[in-house]
Structure formats: C-alpha cells, structure tokens
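Just passing along the structure, written as structure tokens.
The values are calculated or read from the model by the stated rules, or taken from the named source; none is laboratory data. Quick caveat: nothing in here was measured; it's all calculated off a predicted structure. Here the Cβ positions follow ideal geometry from the backbone for every residue, glycine too, while neighbour counts run over all protein chains shown. These accessible areas exclude ligands, DNA and RNA; they are computed on the full protein's heavy atoms, side chains included. Shrake-Rupley method; radii C 1.70, N 1.55, O 1.52, S 1.80 Å.
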Amino acid sequence: MVSSVLSSAVTSGDRPTAPFLSGEGGRTVLWLDGEHDISTRFAVSDSLETAFSANDADVIVELSQVTFIGAATIDEFVRGRNILRGQSRTLTLRSPSRTAQRLLDAMGLTNLIEPNE
C-alpha cells in the first residue's frame with residue numbers, strides 16, 4: 001500500500017494531525033481524529049471539498065481515531081457521498097471507532113462503511 005500526504009492543516013513533530021489528506025491505492029483518504037460535532041462541521045466540510053477537488057479519485061474517511069462524532073458531521077459525510085455520486089465516485093467510511101459506529105448504526109448509515117478486507 002503506497003501512501004502519500006496530499007495536505008495537512010497542522011503538524012505535530014513529524015506526524016500531520018487530522019484532518020489531513022493522503023493518497024492510498026488510487027483513492028484519497030481524509031483522516032479525522034478527536035471530537036467532531038457542530039463546532040467542527042465547517043472544518044470537515046472544507047476538508048471534504050479539498051479531498052473532492054484533489055483529483056478524480058474515490059474518497060475514504062478514516063474514523064478509527066474519532067473519540068466523539070455528532071450528527072452534523074455525519075450529515076457532511078452524506079452530503080459528500082451525494083456530491084461524489086453525481087461524479088460517478090464514492091465516499092466510504094473506514095474503521096469507525098465504537099463511538100462513530102454507534103451513531104452510524106442509530107442513523108441507519110452502516111452502508112457507508114467500507115467492508116473489511
């Protein structure tokens with residue numbers, strides 16, 4: 001698996017902190033960590049738009065390091081999925097934390113989760 005960093009909002013030492021973008025296997029990955037609620041909605045939206053315009057690749061949102069996620073953030077994922085569908089591209093969620101998984105289950109959106117390989 002080849003991975004390259006496409007962008008980074010902030011760096012901490014040698015490691016970019018989320019949200020940041022990387023390329024992986026011909027897809028763009030948006031890495032999120034920490035808490036995401038109504039207060040981070042616009043940052044997530046901006047990051048998704050950057051991911052969408054970086055190239056013509058499908059987009060994965062990595063959620064394994066998310067400690068809290070709110071419905072406003074999930075709404076941004078659904079909006080993003082709909083935008084990409086119109087471009088014959090996909091948005092999937094990868095490795096949701098337990099917190100993220102519970103909300104996706106409650107909202108009936110487990111179909112957004114990338115199947116385990």
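Identify the single condition in (1) open to solvent by less than 70 Å² (accessible area, probe 1.4 Å); (2) at positive phi that THR40 does not satisfy, given that it satisfies every other one.
For THR40, the failing item is (2).
May I ask you to say which residue of LEU93, LEU103 is in contact (Cβ under 8 Å) with a residue 24 or more places away in the chain and within 14 Å of ARG27 (Cβ to Cβ)?
Only one candidate passes the filter, namely LEU93.
In this structure, does ALA18 turn out to be touching a Lys or Arg at 6+ places or on another chain (Cβ under 6 Å) and either in a loop (DSSP other than H, G, I, E, B) or at pLDDT below 95 (or both)?
Judged against the criteria, ALA18 is not a match.
Residue-wise test of (1) among the acidic types (Asp, Glu); (2) more than 24 Å from THR50 (Cα to Cα); (3) touching a Cys at 6+ places or on another chain (Cβ under 8 Å).
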{"site": "VAL66", "(1), (2), (3)": "no, no, no"}
{"site": "ALA71", "(1), (2), (3)": "no, no, no"}
{"site": "ILE74", "(1), (2), (3)": "no, no, no"}
{"site": "ARG79", "(1), (2), (3)": "no, no, no"}
{"site": "SER95", "(1), (2), (3)": "no, no, no"}
{"site": "ASP105", "(1), (2), (3)": "yes, yes, no"}
{"site": "GLY108", "(1), (2), (3)": "no, yes, no"}
{"site": "GLU114", "(1), (2), (3)": "yes, no, no"}
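Among (1) part of a helix (DSSP H, G or I); (2) at pLDDT below 95; (3) open to solvent by less than 20 Å² (accessible area, probe 1.4 Å), where does LEU48 come up short?
Answer for LEU48: the failing condition is (2).
Next question. Specify the residue that is surrounded by the fewest Cβ atoms within 10 Å (Cβ to Cβ); the eligible residues are those in segment 63-109 that are assigned to a helix (DSSP H, G or I) and among the small types (Gly, Ala, Ser).
The selected residue is ALA106.
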